[in-house]
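As structure tokens, the structure follows; a few thoughts come after it.
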Amino acid sequence: MMAAVRGQGILAVLVLIVGVVLLADWRVTVLLAVWLGAWLINHGLSQMGGAWAMRVVPVIFGMCLLVLWQMAVTLFAVSAVILPGPLAIAARFGSSLDVLWGDFVQTFVKGALSGYFIGCGAAILAAVAVDRSVFLQRGLLPVASFLAALPVVGIAPILVMWFGFDWQSKSAVVVVMVFFPMLVNAVEGLRASEQMQRDLMATYSASYWQGLFKLRLPAAMPFMFNGLKIATTLAMIGAIVAEFFGSPTQGMGFRISTEVGRLGLDMVWSQIAVAAMAGSAFYAVVAGIEKRVTFWHPSQRGR
Amino acid sequence: MRNLAPVLVVVGCIMALWYSAAVMMNAQWERDQAGRAGVTVSWAQIVPATMHQERPVLPAPHQVAAELWQLTFVEETEGRRGLLQSGSLSNRGLLIHAWVTLSATMLGFAMGAGFGILLAVGIVHNRAMDASVMPWAIASQTIPIVAIAPMIIVVLNSVGVAGLLPKALIAAYLSFFPVVVGMVKGLRSPDAMQLDLLRTYNATAAQGLWRLRFPASAPYLFASLKVGIAASLVGTIVAELPLGGAGLGTRLLAGSYYGQTIQIWATLVVAAVLAAGLVGVVGAVQGRVLARMGMRA
């Protein structure tokens, strides 16, 4: 009874809003109608529940945003210099695949990936060293967690000066950016095994290295992957931002900054689409590996 | 305080490494200069010289400290455009840049945190929102928004949105996500028993939110606010890169164009102090609030 009354109240308010807006501008009403329609479908689907509906709902939401974007651009005749519509961006994307691929290889494969592997590898090795020494734990960890909170992006101009304009400097920026968050997570992870489990290893008279590889590294994996997942986004950011401070005539950051200057915003948005897809795919790959490696952890078993 | 000695040793080691790296990296320039002048120099001459170059590859710590002192305290007290002479902060000093960056960061953080909390409340109370918004909120963070921030700023400027707001928008975008994730976790942290108790009291959803869910979410909220405020500082600095005028990001880019390495390092130190200060303030508030609520900080 209460719910029904409240439902009617919400409906009345909605009708009122739509009425007022309709008087103001019919284009806003069209957009609102599309939004409401998609929302009602999603509402119904999520009430139904089930794995299938939960997959479809976000897809509908995303499509709805794209449609609204295109409609808003068309209806309000927004200049392509300010905001191109998704269709125009898709057209540009399709017609300049080779440029996008070249930039992608330069920035992501050469810059971000190499830096990601070097930085995360170094951080894990450093974490093992830190974990072995109480002195380093007390001394290095506060410093590292301080450095992890710093705006490390600021170091990009310096590293570009040191390592030149090509991908090596981008890689160096990525190494610095991913190192500290990864280190903090890895050290936390290496401490995650319980005293009881360590004692058991001791009763087996396991050596330090056996204890490390058989117990503590596996137990650290959920934390490690937490750091590895954070580092994927940081690597993308580092590689692209570093290109603003100087780059060869190729690369996603280079293309973005030059195309902004030439008002080629459809190209810029194509690069953003590439960055988004590369970032999501990178994240998804790491998350997939995590699922395989840490299948035993409660957060993975729940699903 | 038992951590003090190890921390000091580690910081000392970093300083020592820094000095030796400065000698190694700046030595080449001294040798080139000597080579052009046609004289040979020994290490004993090179080492002191590398400490006082005007545009070193890597400035020594004391150079950075001196520059920092010069650009903050000396500039404001003795400079013609400084605080004492003109009554306002000098546009050549670092304090005005730090202030501009700080204000944009705070505005962006307030917007981002507020939006994040609202979104989290919606997600917790509405299934449709949970299913449709959450995956996209996660996907939105895999987009390197920081990387495209300069473009967004330029476009917003061309539309006529200028000043503090565009920078704050980038900062808000970066800080809202950690807040959403932490807050959703926090609002869901009361266990079923407590929720059932409220239902037996015939409490409404709003009462459940204010009396149970919000208090229970406080530790999660503060943990994510710390991440969020650091992220919004990074967002502001990057957003300032393409803009003229004031701001730490602008200073970084200017320093990089003109090869003013000491100035870049001094700016970085200011940014670091700002970041540590902001996180520290949130941490202090966290300690106070949680202690008042009877939780351990």
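The values are calculated or read from the model by the stated rules, or taken from the named source; none is laboratory data. It should be emphasised that the depicted structure is a prediction, and the values quoted were computed from it without experimental measurement. Heads up, the Cβs are rebuilt from the backbone with ideal geometry, glycines too, and the neighbour counts pull from every protein chain shown.
Taking the criterion of being aromatic (Phe, Trp, Tyr) and modelled with pLDDT under 80, the residues of segment A:36-75 that qualify are A:Trp39, A:Trp52. When segment B:1-52 is filtered for residues that are of a type in the set (S, T, N, Q) and surrounded by 15 or more Cβ atoms within 10 Å (Cβ to Cβ), the ones remaining, listed by number, are B:Asn26, B:Thr50.
In a residue-by-residue description of segment A:231-244, the property of being at positive phi and within 14 Å of chain B (Cβ to nearest Cβ) applies to no position. The requirement of being assigned by TED's automatic domain parsing to the domain that holds A:Ala112 and loosely packed, with under 15 Cβ neighbours inside 10 Å is satisfied by A:Phe213. Please verify whether segment A:281-292 includes one or more residues that are modelled with pLDDT of 80 or more, within 12 Å of chain B (Cβ to nearest Cβ) and crowded, with 20+ Cβ neighbours inside 10 Å. Checked segment A:281-292: at least one residue is modelled with pLDDT of 80 or more, within 12 Å of chain B (Cβ to nearest Cβ) and crowded, with 20+ Cβ neighbours inside 10 Å.
Based on this model, can you work out whether B:Thr250 counts as hydroxyl-bearing (Ser, Thr, Tyr), more than 10 Å from chain A (Cβ to nearest Cβ) and either buried (at least 17 other Cβ atoms within 10 Å of the Cβ) or under 21 Å from the mean Cα position of the chain (by Cα) (or both)? So B:Thr250 fits the description; yes. For segment A:249-265, the count of residues that are without any contact (Cβ under 8 Å) to a residue 60 or more places away in the chain, more than 13 Å from chain B (Cβ to nearest Cβ) and not hydrophobic (A, V, I, L, M, F, W, C) is nonzero.
Among helices (runs of 4 or more DSSP H) entirely within segment A:76-142, having at least 2 residues that are within 22 Å of the chain's Cα centre (by Cα), modelled with pLDDT of 85 or more and within 30 Å of B:Val11 (Cα to Cα) singles out A:114-132.
Yes or no, residue by residue, for (1) among the hydrophobic types (A, V, I, L, M, F, W, C); (2) in contact with an Asp or Glu (Cβ under 8 Å, 6 or more places away or on another chain); (3) assigned to a helix (DSSP H, G or I); (4) under 20 Å from A:Ala242 (Cβ atoms):
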| position | (1), (2), (3), (4) |
| --- | --- |
| B:Arg199 | no, no, yes, no |
| B:Arg211 | no, no, yes, no |
| B:Ser217 | no, no, yes, no |
| B:Ser224 | no, no, yes, no |
| B:Gly228 | no, no, yes, no |
| B:Gly245 | no, no, no, no |
| B:Ala284 | yes, no, yes, no |
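Each residue in segment B:12-39 was checked for being over 20 Å from B:Ile262 (Cα atoms) and within 13 Å of another protein chain (Cβ to nearest Cβ), and 2 of them qualify.
Just to be sure, is B:Val282 under 28 Å from the mean Cα position of the chain (by Cα), within 22 Å of B:Phe115 (Cβ to Cβ), surrounded by fewer than 21 Cβ atoms within 10 Å (Cβ to Cβ) and within 13 Å of chain A (Cβ to nearest Cβ)?
yes
Residue check: B:Tyr258 meets all listed conditions (1) crowded, with 20+ Cβ neighbours inside 10 Å; (2) more than 10 Å from chain A (Cβ to nearest Cβ) but one, namely (1).
Here's the yes/no breakdown for (1) surrounded by 17 or more Cβ atoms within 10 Å (Cβ to Cβ); (2) assigned to a helix (DSSP H, G or I); (3) touching an Asp or Glu at 6+ places or on another chain (Cβ under 8 Å); (4) within 7 Å of another protein chain (Cβ to nearest Cβ):
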position	(1), (2), (3), (4)
B:Met106	yes, yes, no, no
B:Gly116	yes, yes, no, no
B:Val121	yes, yes, no, no
B:Ser140	no, yes, no, no
B:Met151	yes, yes, no, yes
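Residue pairs whose Cβ atoms lie under 8 Å apart, separated by 6 or more positions or on different chains, with the first residue in segment A:223-240 and touching a residue at least 60 places away in the same chain (Cβ under 8 Å) and the second crowded, with 24+ Cβ neighbours inside 10 Å and charged (D, E, K, R), are A:Gly238/A:Lys170; A:Ala239/A:Lys170. The set of residues from segment B:214-234 being at the interface with chain A (Cβ under 9 Å from one of its Cβ atoms) and of a type in the set (Gly, Ala, Ser) comprises just one member, B:Ala230.
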